[in-house]
Amino acid sequence: MNERETIRKQQAELITKAAADSEMGQLLRRYWQPVALSRKLQPGSPPQAIRILGEELVLFRNDEGRPGLLNRKCAHRCADLSLGRIENGGLRCLYHGWLFDIGGNCLQQPTESAETQTCDKVKQTAYPCYETGGAIWAYFGPGDPPVFPRFPALMAPEEHVVTHQWYTKSNFLQGNEGNLDPSHTSYLHGYVEKGEKAPWTDAFNCFKVDPAPNLFVEDTCFGVRIYAERDSEEENKKVLRTSNFIMPNAAAANGFETGFGIGGCAMVWHVPIDDVQHWRFEFTFHCKVSREEGLDEIDRIFNSEFTEDGMPLRKNENGFIQDREEMKSNSFSGVGPCFPLHDIFIVESQGEIHDRTQEHLVHSDVAIVRARQQIREGLQDIKEGKDPRGIARNTDDSLFPDFLVVTKSLDRDTDSKEHCYQLEKEDIYRLDTSG
């Protein structure tokens, strides 16, 4: 291996690690991360053992319904707290009855006398939680948590969002990099119209017309905006699609909600379980369409492809149930109509952590290149004691006015950047309250 390949290998390894003792692991821990869907932890549910960022944890709701996330091993004798009882304001260990609240404070040591109590000296590792967008989020980093990012899909009422969690047997980084590549939609997500058209079918016609979009990027306060300009079926027109890289492990683009017009987006977080597997959390939102008005159909399509615990029905072990006949008549990939499943299918095919020294990057990878650069910049920010890009310390900074996801037909000579700057001022994600 020559010097250049050695450097590339070192850089790739640097940004794929998730453990707390790694540089990338420390960067991931500076941001709020989704850890579970709210509907899977209803009030009264038993505690859940989960593994996130390489840590063994227990997620629970106290008897007031507030979520808590603690180290799974009791601070006393390391018994498993996921077996515990939810009562008296916290989670009680079955072994000796020690009781911990959602902040990790020891509230009771019932097997100790009043003279030997050490509650004030014991602290169970605990991570702050925040619930929004149909998910429970946690902050794993040092110091006070940043202000929660107020992206439209995360702040909208429940009836305007559908939320899903998918297991993926691959490194989180390659999962997210698939979202930063607009050109792959013409192939991996390609389809052949058959039967009754879905509301979003026409919105995807541009993928067929022009599989090699004109791509360019620019930095935003939270990451990267990706512009993709495609030739249109209409004379003297083009189709503009913008998507986003969101530091350090998230993205936003238009998905099935595109067919309902401007005002929606699909946001995706790729959260490491460890270095070789991760959860894909997806938030599909539209400000003008409720679940009853069309989002439930997206929910139905997604739910048909995975089990109740988020495990895809299609997986490597069954060849993703790829149908070669379907490839001839319905879809390019042969694995059904569900876009997230297509993405999981292809990133798992790269291997658990794909060897980036074997890549041959081209112009269509411009957003992936810039995203990797921003991640490395974030690692350097931490070394220098600074907040990395996208961390907000006040409410105004958490609004991210340069967040924009659109699919739109424009006159061919329209300046796409200037058009987007104008759209930023129009509050396109304002909820429709006319009904």
Quiz item: When the stretch 396-422 is examined, which residues are found to be open to solvent by less than 30 Å² (accessible area, probe 1.4 Å) and either more than 27 Å from residue 232 (Cβ to Cβ) or without any contact (Cβ under 8 Å) to a residue 24 or more places away in the chain (or both)?
Solution: 398, 400
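For residues in the stretch 385-395 being touching a residue at least 24 places away in the same chain (Cβ under 8 Å) and not β-branched (Val, Ile, Thr), which is most open to solvent (accessible area, probe 1.4 Å)? Explain how you work it out, then say what you get.
Quick first cut of the stretch 385-395, residues touching a residue at least 24 places away in the same chain (Cβ under 8 Å) only: 387-395.
Pick out the ones that are also not β-branched (Val, Ile, Thr) and you get 387-390, 392-394.
Numbers: 387: 75, 388: 6, 389: 69, 390: 22, 392: 2, 393: 122, 394: 65 Å².
So, considering only residues that are touching a residue at least 24 places away in the same chain (Cβ under 8 Å) and not β-branched (Val, Ile, Thr), the one most open to solvent (accessible area, probe 1.4 Å) is 393.
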Practice problem: Might you check whether a residue that is open to solvent by 20 Å² or more (accessible area, probe 1.4 Å), at pLDDT 95 or above and within 27 Å of residue 388 (Cβ to Cβ) occurs anywhere in the stretch 33-48? | Solution: no
Self-check item: Every residue from the stretch 256-283 that is within 17 Å of residue 342 (Cβ to Cβ), among the acidic types (Asp, Glu) and over 15 Å from the mean Cα position of the chain (by Cα)
Solution: 257
Quiz item: Which numbered condition trips up residue 244, out of (1) part of a strand (DSSP E or B); (2) without any contact (Cβ under 8 Å) to a residue 40 or more places away in the chain?
Solution: (2)
Quiz prompt | Members of the stretch 233-242 that are within 23 Å of the chain's Cα centre (by Cα) and open to solvent by 10 Å² or more (accessible area, probe 1.4 Å) | solution = 241
Exercise. Go through the stretch 267-279 and give me each residue that's open to solvent by 10 Å² or more (accessible area, probe 1.4 Å) and touching a Gly at 6+ places or on another chain (Cβ under 6 Å).
Key: 274
Quiz item: Restricting the stretch 333-367 to residues that are within 22 Å of the chain's Cα centre (by Cα), open to solvent by 30 Å² or more (accessible area, probe 1.4 Å) and aliphatic (A, V, I, L, M), which is farthest from residue 253 (Cα to Cα)?
Solution: 353
Quiz item: If residue 382 passes every condition in (1) surrounded by 13 or more Cβ atoms within 10 Å (Cβ to Cβ); (2) part of a loop (DSSP other than H, G, I, E, B); (3) at pLDDT 95 or above but one, which one does it miss?
Solution: (2)
Practice problem: Examine the stretch 312-320 for a residue that is modelled with pLDDT under 75 and farther than 23 Å from residue 405 by Cβ, and state whether such a residue exists. | Solution: yes
Quiz prompt | Residue, surrounded by the most Cβ atoms within 10 Å (Cβ to Cβ), within the stretch 50-102, restricted to residues that are closer than 16 Å to residue 131 by Cβ and small (Gly, Ala, Ser) | solution = 68
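In the stretch 369-379, what residues are without any contact (Cβ under 8 Å) to a residue 60 or more places away in the chain and either open to solvent by less than 60 Å² (accessible area, probe 1.4 Å) or within 14 Å of residue 149 (Cα to Cα) (or both)?
Initially, the stretch 369-379 is screened for residues without any contact (Cβ under 8 Å) to a residue 60 or more places away in the chain, giving 369, 373, 377.
Hit for the stretch 369-379 is 369, nothing else.
Go through the stretch 72-97 residue by residue and tally those that are of a type outside the set (D, E, K, R) and assigned to a strand (DSSP E or B). Reasoning before the result, please.
Initial filter on the stretch 72-97 (of a type outside the set (D, E, K, R)): 74-76, 78-79, 81-84, 86, 88-91, 93-97.
Then keep just the ones that are assigned to a strand (DSSP E or B); that gives 86, 90-91.
Matching residues across the stretch 72-97 total 3.
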Practice problem: Determine the pairs where a residue that is polar (S, T, N, Q), located within the stretch 345-363, has a partner that is crowded, with 16+ Cβ neighbours inside 10 Å with Cβ atoms under 7 Å apart, the partner being 6 or more residues away or on another chain. | Solution: 350/170; 350/174; 357/8; 357/12
Quiz item: Can you find even one residue in the stretch 105-123 that is surrounded by 15 or more Cβ atoms within 10 Å (Cβ to Cβ), free of Cβ contacts under 8 Å to residues at least 40 places away in the same chain, within 30 Å of residue 23 (Cα to Cα) and under 27 Å from the mean Cα position of the chain (by Cα)?
Solution: no
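Would you please name the residue that is nearest to residue 431 (Cα to Cα), looking only at residues in the stretch 138-163 that are of a type in the set (A, V, I, L, M, F, W, C) and open to solvent by 20 Å² or more (accessible area, probe 1.4 Å)? Outline the logic, then answer.
Filtering the stretch 138-163 down to residues of a type in the set (A, V, I, L, M, F, W, C) leaves 138, 140, 147-148, 151, 153-156, 161-162.
So of that shortlist, the ones also open to solvent by 20 Å² or more (accessible area, probe 1.4 Å) come out as 147, 155.
Working: 147: 22, 155: 11 Å.
For the stretch 138-163, the residue satisfying everything is 155.
Residues 222, 204: which one is under 29 Å from residue 362 (Cβ atoms), among the hydrophobic types (A, V, I, L, M, F, W, C), at pLDDT below 65 and crowded, with 16+ Cβ neighbours inside 10 Å?
204
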Quiz prompt | Check on residue 307, open to solvent by 10 Å² or more (accessible area, probe 1.4 Å), over 30 Å from residue 21 (Cα atoms) and in contact with a Ser or Thr (Cβ under 7 Å, 6 or more places away or on another chain) | solution = no
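The values are calculated or read from the model by the stated rules, or taken from the named source; none is laboratory data. This structure is a prediction, so every number in the text was calculated from the model and none was measured. FYI the Cβ positions are ideal-geometry reconstructions off the backbone, even for glycines, and counts take in every protein chain you see. We work out accessible area using only protein heavy atoms, side chains counted, and drop any ligands, DNA or RNA first. Shrake-Rupley method; radii C 1.70, N 1.55, O 1.52, S 1.80 Å.
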